[in-house]
Amino acid sequence: QVQLVESGGGLVQPGGSLRLSCVVSGSIVSINAMGWYRQAPGKHRELGADIFMDGSTKYGDSVKGRFTISRDNAKNTVYLQMNSLKPEDTAVYYCNVRGTFYNGPYVSEGNFWGQGTQVTVSS
């Protein structure tokens, strides 16, 4: 089993900042990528940011220049620093991990999601 525990969401005023954290634990062989995705009411889930094993990153167009993703490999933790927040950033933010995991006696590729943390940007 793989567990993802997210924290750091909440209510913030426009222009403010928040930092999300996600700790991944469980039957991990190796992690290839970790990321944050978000889903606003009535919309599809979209990429916030991904960070890969080699340290490279990818950002969704709507967050470029404002959000920064980072990871602590030793702690299997990924962070999302969100600055200059806008009302349109309001969404449930989901942590994601992709890699190789134990499944009983077997090893297989997996893609796991956290339960999500609410971020609300409002005055």
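The values are calculated or read from the model by the stated rules, or taken from the named source; none is laboratory data. All values reported here derive from a predicted model rather than from experimental measurement. Cβ coordinates were reconstructed from backbone atoms using ideal geometry, including for glycine residues, and neighbour counts include every protein chain displayed. Please note that ligands, DNA and RNA were not included when accessible areas were found on the heavy atoms of the full protein model with its side chains. Shrake-Rupley method; radii C 1.70, N 1.55, O 1.52, S 1.80 Å.
A few points about this structure:
- Accessible carbon and sulfur surface of the chain relative to its total accessible area, %, 1.4 Å: 48 percent
- For ASN32, net neighbour charge (Lys/Arg +1, Asp/Glu -1) across residues whose Cβ lies under 11 Å away: -2
- Cβ-based charge dipole, the chain, positive-most Cα from VAL12, TRP113, PHE101: VAL12
- Pairwise Cα inverse-distance average, inverted: Kirkwood Rh of region 43-88 (Å): 11.6 Å
- Packing, taken as the mean count of other beta carbons within 10 Å per residue, orders the peptides 69-77, 85-93 from highest to lowest as 85-93, 69-77.
- Accessible surface, the chain, averaged per residue in Å² (probe 1.4 Å): 54 Å²
- Karplus-derived HN-Hα couplings along region 14-22 (A = 6.51, B = -1.76, C = 1.60, θ = phi - 60°), whole Hz, x at Gly and Pro: x, x, x, 10, 9, 10, 8, 10, 9
- Couplings 3J(HN,Hα) for region 27-35, derived from phi with the Karplus relation 6.51 cos²θ - 1.76 cosθ + 1.60 (θ = phi - 60°), are 8, 8, 8, 7, 9, 8, 7, 9, x Hz, where x marks Gly and Pro.
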